[in-house]
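Presented below is the structure to which this report refers.
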Amino acid sequence: MTVAVVLFTADLRLHDHPPLRAALASADEVVPLFVRDTGIDAAGFGAPNRRAFLADCLRDLGAGLRERGGRLVIRSGDVVAEVCRVVSETGAGDIHLAAGVSAYARRREERLRRALDSGGARLHVHDGVVTAVAAGAVTPAGSDHFAVFTPYFRRWSAERVRDAFGAPRAVPVPDGPGSEEVPVRAGVPGVSAGLAEGGETQARKRLTAWRLHGLTAYEDRHDDLPGDATSRLSPHLHFGTLSAVELIQRARAAGGAGADAFVRQLCWREFHHQVLAARPAAARLDYRTRHDHWRSEADAADEIEAWRQGRTGYPVVDAAMRQLRHEGWMHNRGRLLTAGFLTKTLYVDWRIGARHFLELLVDGDVANNQLNWQWMAGTGTDSRPNRVLNPVLQAKRYDPDGDYVRRWVPELAALAGPAVHEPWKLRGAERARFEYPAPVVELADGLARFKRARGLD
Ligand code: FAD
């Protein structure tokens, strides 16, 4: 009997899973392995919302494997040591793994390769699992990655994406390798009350609902804050309960302006992944320095805390920050606004905001989070690095009747219409009715400080 191991990481699904398919094609039995990697927690990537969502994903993956005659083997510890242990317990000759782009994933891959080589087992790293187009597969002349989105999108769009395929009928797993219990969401402390449920089953339900009811209107409605009309598939893409290849293929097959706009947005994810793969240090360091001397954490402590708590006195910023805390997710327009507010209006280091997002976001992802933060801070790939989003104008544009703000800032719920965006305009007793803070900074002062800092005045 030949045995192969499939090490699941950011690909917690059975549909469209190239490592699993390759393992089943080449071995008699397969060990579907997930390692609760203690290194991930040590690196600060194991925030409660993602741990809870992960627990759902593992439970669902285990159930899917059981339906196919198999089971999921769960271990905890150092991922390389655990893989080696399973290899020696089962005599596996091949280990299959999806390619990752972060520095952590790359190190894991290298360490695995070295450890397995010395024991005579082979590591197979598969592209087209986490992203549709492998990071580094398309490059401009003279560089190892695209630094500008539009030319990347053009080249990316012309790449052939392999055909998505279904889940296997059966997964024969050898007797023997012991497994820990599947973790349960209820055991994770500090989880957001409104956190979505994880797992491939949920992902597929959401995909179907999205194709039927959301995709067509995406172009017109993706910035509609109260309408909440985006796919909310980001946690599923992050955990790989849904394949990017399948999603892109299905959207392209549907066609139309909504699908085109959606595919373009999916390409942003792939764009950031290829930037991070080429420049792993961009997770921590400015991709392009603007010679910022950000205000120190101590100097801006009160404002940073007000921002984290959703009490800046700018209702749309506060609404979005409260949505993040309550759901572990935030609308993209909210992310743009709140990140712009922190980095440009308050002139606070993007790393402080990125860290807070990573503590709460269920889709919190090194490539997408750190590089979108840098984009907003103007230290990343934005070709207009000094643009400043005015939160009041943005609120009036993307939440014209104020419904999004009223949903998340209940202390202002009695203020009808767009007036909710500017409570400071109320006078005397009328203003005193609302227990809501005054703005932490005047927008004009924030703008002037930013311009001075960047030498723009
Ligand atoms: P949809 O609008 O339905 O888009 C579909 C998919 O396209 C998303 O699920 C996502 O995978 C991808 N996508 C859309 N916009 C972007 C983008 N700007 N960059 C990269 N991919 C995109 N996204 C994350 O997945 N994880 C993060 O940690 C993350 N942090 C962010 C931080 C900031 C400061 C900003 C401005 C954006 C961040 N984003 C992040 C990108 C984007 O906000 C989310 O992907 C999106 O809001 C998820 O909602 P959705 O699935 O409904 O998106």
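Every number here is computed from the coordinates shown, using simple stated rules; none is lab data. None of the values given here were measured: they were computed from a predicted structure. Cβ: placed from backbone, ideal geometry, glycine included. Neighbour counts: every protein chain shown.
Data for the structure
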read-out	value
Those residues of the stretch 282-304 which are outside any loop (DSSP other than H, G, I, E, B) and either crowded, with 17+ Cβ neighbours inside 10 Å or without any contact (Cβ under 8 Å) to a residue 40 or more places away in the chain (or both), in sequence order	Ala282, Ala283, Arg295, Ala301, Glu303, Ile304
Residue in the stretch 422-438 that is assigned to a helix (DSSP H, G or I), in contact with a Pro (Cβ under 7 Å, 6 or more places away or on another chain) and touching a residue at least 60 places away in the same chain (Cβ under 8 Å) present	yes
Where a residue in the stretch 218-241 is farther than 18 Å from Glu197 by Cα and basic (Lys, Arg) and its partner, wherever it lies, is near the ligand (Cβ under 10 Å from one of its atoms) and not in a helix (DSSP H, G or I), with Cβ under 9 Å and at least six apart	Arg221/Gly214; Arg221/Ala229; Arg221/Thr230
Count - residues of the stretch 225-257 that are among the acidic types (Asp, Glu), buried (at least 18 other Cβ atoms within 10 Å of the Cβ) and either within 9 Å of the ligand (Cβ to nearest atom) or part of a loop (DSSP other than H, G, I, E, B) (or both)	0
Number of positions in the stretch 199-221 that are within 14 Å of the ligand (Cβ to nearest atom) and either in a loop (DSSP other than H, G, I, E, B) or among the β-branched types (Val, Ile, Thr) (or both)	2
The stretch 35-61, residues that are surrounded by fewer than 21 Cβ atoms within 10 Å (Cβ to Cβ) and over 26 Å from His356 (Cα atoms)	Arg59
Test for Ala81: is it on the phi < 0 side of the Ramachandran plot, without any contact (Cβ under 8 Å) to a residue 60 or more places away in the chain and either surrounded by fewer than 20 Cβ atoms within 10 Å (Cβ to Cβ) or part of a strand (DSSP E or B) (or both)	yes
Any chance Phe271 is closer than 18 Å to Val161 by Cα and either of a type in the set (S, T, N, Q) or within 11 Å of the ligand (Cβ to nearest atom) (or both)	yes
The stretch 319-346, residues that are within 11 Å of the ligand (Cβ to nearest atom) and either among the hydroxyl-bearing types (Ser, Thr, Tyr) or touching a strand residue (DSSP E or B) at 6+ places or on another chain (Cβ under 6 Å) (or both)	Thr338, Leu342, Thr343
The stretch 278-292, residues that are closer than 15 Å to Asp365 by Cα and not hydrophobic (A, V, I, L, M, F, W, C)	Pro280, Arg284
Residue within the stretch 147-166 that is part of a loop (DSSP other than H, G, I, E, B), without any contact (Cβ under 8 Å) to a residue 60 or more places away in the chain, among the basic types (Lys, Arg) and at negative phi present	yes
Residues (touching a helix residue (DSSP H, G or I) at 6+ places or on another chain (Cβ under 8 Å) and more than 8 Å from the ligand (Cβ to nearest atom)) located in the stretch 371-384	Gln374, Ala377, Gly378, Thr379, Gly380, Thr381, Asp382
